[in-house]
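The values are calculated or read from the model by the stated rules, or taken from the named source; none is laboratory data. Predicted, not measured: the structure shown is a model, and the values here were computed from it. Glycine also receives a Cβ, built like all others from the backbone with ideal geometry; neighbour counts cover every protein chain displayed. Side chains are part of the model used for accessible areas, which takes the heavy atoms of the whole protein and leaves out ligands, DNA and RNA. Shrake-Rupley method; radii C 1.70, N 1.55, O 1.52, S 1.80 Å.
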Amino acid sequence: MSAGIPVQYFLILATVMFFAGVYGFLTRRNLITILMSVELILNSVNINFLAFNRYLYPHKMEGMFFSIFVIAVAACEAAVAIAIIINIYRRFTTINVEDVNEMKF
Amino acid sequence: MSLENFLIMRQELLMVAVVLILLMAEIFISQENRKHISTFSVVLFSLVTIAGFFPSPSGSLFGGMYIASGTTTIMKNVLNIGILLVIIQSITWLRKIENSEKVSEYYILLISTAIGMNYMISAGHFLMFYIGIELATIPVAALAAFDRMKNKSAEAGIKLILSSAFSSGILLYGLSIIYGTTGTLYFSEVSKLFTSNSLQTLGFIFFFSGMAFKISIVPFHLWTADVYEGSPINITSYLSVISKGAAVFVLVIILFTVFTAIVKTWQSTIYVVSVLTMTVANLFAIRQQNLKRFLAFSSISQAGYILLGVIGGNELGMASIIYYILVYVFSNLGAFGVVTAISNQSGKENMDDYNGLYHTNPKLSLIMTLALFSLAGIPPVAGFFGKFFLFTAAAQKGFYLLVLIAVLNTIISLFYYLLVVKAMFINKSDSPIEKFRSDFPTRLALGICIAGLVITGFASVIFDAIRNLSFGI
């Protein structure tokens, strides 16, 4: 394989990114930052797919295509989420999740 | 491949055509004809629903990415009936002045999610499955935030889109591990290459957690109650019946066809999760006052019962799940239909407001009672047979303790369903909801629900037909 970076490095990077995303999703208080954490999770998935495809199954392109679709769907998700966030800003005049809590147990 | 092969995915193509027609109608229709868009959509979608019942060819398309069989067709038909009922129920709400500009938008988004669900059920490759599941959830988030002027609706929308994006991220991470260990994403090939090594099991656990978010099984159910309470009430019924039903169907198909090598693992996972779901959701449902929240927790506990059909991995289990979802469509949409009618009329959604409803609106109270009896599983209505088949399917494989827990939970659920019945029939109220006559679409939808409840309970033809098309591991 070309560059000589072992596949494990990519997988470690992806795992760290995934759990950083999960941590961010659970601890951040700003809606935009939460959305960024979700994107981090999806990007870690992309790295996983690309590394597996390039190193283990280079004769087939399934992983590459999957990550293209993940990128496209993530863009749709971000578009809808940001539209709703704008509406939340208009209604609540804040995008801090601690203030957006009309409903509770 | 000739063009005739595309007839295999006739159902989806028809829905795409409906969406395109509605988009064109939105552009070209004149201002005074706009009020007919609802009727027009109902007619178009009922044509699609009827077309689904004609025998259709089975086979696969796009190199095995899309698979149609008798099982997927009957699952789609069950969902179509539910979507049609939701569309009819929402006409009254869409006639309100604040929604007059957004009527066709509503139908376009709703039918888009239906397309997503159909592709997800027919998937033969994880890519198709992923795109289907996203197409089925993203428009629902837009619909949950449909009441632009209400704080709660916006809050429900953001909670739904963020938790569904997070859950699909987890699901995708599981898929990437499965891809890394097997080198393929086709269902048929993954099932051959899947062994029970620990990395693949980890991938399966990630995948299952993602699906559990979508079905709102207990450790992953926290978004459900808030989203259900904040969304417009028709979207709540859509989420609790159709979205959940589609996700259950696809989970059953994938567990029965792909993860056959680790049956023991997913059986023990589902065992724990199912007990938790039934018990926790029932205990929370007892203390709810808002009826939408109440029905949200009741629908979470219903998901727990449905898992009893999954756990055995037998053909009776799949048949009973399809049958139960069919019954659940009628009973839950009946209950939601009554809540919708009353909410449209008076804006009241709390249990105390229902005190003395029987004296002012006897028909609505009777429909609500029948629907709740069916949800609880009391004999004369179809819900009893649904639960009976589910429990039989689990008992056939020897999960007696689980069935016992489920039966005990049914008793708990009977308590809180009867609380609503008691409020309507026995409790006195100084200011009951006034007597009113609902308009034609509401009455039509409720009539279909009641007819469905009675007919699916008594006509054994339906269960036999479903059973012939089901399969086990």
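Side notes on the structure shown:
- Computed P(r) (all Cα pairs; the protein assembly as shown; 20 Å bins; percent): 21, 57, 21, 1, 0
- From phi via Karplus (6.51, -1.76, 1.60), per-residue ³J(HN,Hα) for the range B:395-403 in Hz, x at Gly/Pro: 5, 4, 9, x, 8, 5, 4, 4, 5
- Three-way shape call for chain A based on the alpha-carbon gyration tensor, with the a/c threshold at 1.5: prolate
- With all protein chains in place and a 1.4 Å probe, the accessible surface of the protein assembly as shown carries 68 percent carbon and sulfur.
- Scanning residues 5 or more positions from B:HIS125 or on other chains, those with amide H under 5 Å from its amide H are B:PHE187, with H placed 1.01 Å from N in the peptide plane.
- Accessible area per residue (1.4 Å probe, heavy atoms of protein chains only) ranks B:TRP266, B:TRP223 as B:TRP223, B:TRP266, with the largest value leading.
- Kirkwood-based Rg to Rh ratio, the range B:1-156, C-alpha trace: 1.00
- Under 19 Å from the Cα of B:LYS397 - lysines, other chains or at least 8 residues apart: B:LYS264, B:LYS387
- Of all lysines in the structure, those lying under 16 Å Cα to Cα from B:LYS214, and not within fewer than 8 positions of it along the same chain, are B:LYS159, B:LYS244.
- Rounded to the nearest 500, the helix-only mean residue ellipticity at 222 nm of chain B stands at -24500 deg cm²/dmol, with each DSSP H run of n ≥ 4 adding -39,500 (n - 2.57).
- Straight-line cross-link partners of B:LYS428 among the lysines, defined as a Cα under 19 Å from its Cα and at least 8 positions apart when in the same chain: B:LYS348, B:LYS363.
- Low-density loop cleavage sites - trypsin sites (Lys or Arg not before Pro) in the range B:312-413, where at most 14 other Cβ are within 10 Å (DSSP): B:LYS348
- Per-residue extension of 0.36 nm, minus the Cα-Cα distance of B:PHE54 and B:LYS96, leaves a gain of 11.5 nm for this segment.
- Only helices enter the 222 nm calculation for chain A: every DSSP H run of n ≥ 4 contributes -39,500 (n - 2.57), and dividing by all residues gives -26000 deg cm²/dmol, rounded to 500.
- Each Lys and Arg Cβ is given +1 and each Asp and Glu Cβ -1; about its Cα centre, the protein assembly as shown then shows a dipole of about 640 debye.
- The range B:248-321 versus the range B:152-183: alpha-carbon centroid distance in Å: 19 Å
- A Förster radius of 25 Å combined with the Cβ-Cβ distance from B:GLU189 to A:PHE19 puts the calculated FRET efficiency at roughly 0.25.
- Stretch in chain B that is longest and holds no GluC sites (Glu not before Pro) that DSSP places in a loop and that have at most 10 other beta carbons within 10 Å: B:102-433
- Phi angles across the range B:15-28 convert, under the Karplus curve 6.51 cos²θ - 1.76 cosθ + 1.60 with θ = phi - 60°, into 3J(HN,Hα) values of 5, 4, 4, 4, 4, 5, 4, 5, 4, 4, 4, 4, 6, 9 Hz, Gly and Pro given as x.
- Stokes-Einstein translational diffusion, the range B:3-469 - Kirkwood Rh over all Cα pairs, 1.567 mPa s, 4 °C, in µm²/s: 58 µm²/s
- Dipole of the protein assembly as shown, positive direction: furthest Cα of B:SER268, B:LEU408, A:ILE47, with charges on the beta-carbon: B:LEU408
- Distance from the C-alpha centroid of the range B:7-57 to that of the range A:16-68: 37 Å, rounded to the whole angstrom.
- Euclidean distance of C-alpha centroids, the range B:380-457 and the range B:71-87, integer Å: 20 Å
- Probe 1.4 Å, protein heavy atoms only - accessible area per residue of the range B:336-473 in square angstrom: 48 Å²
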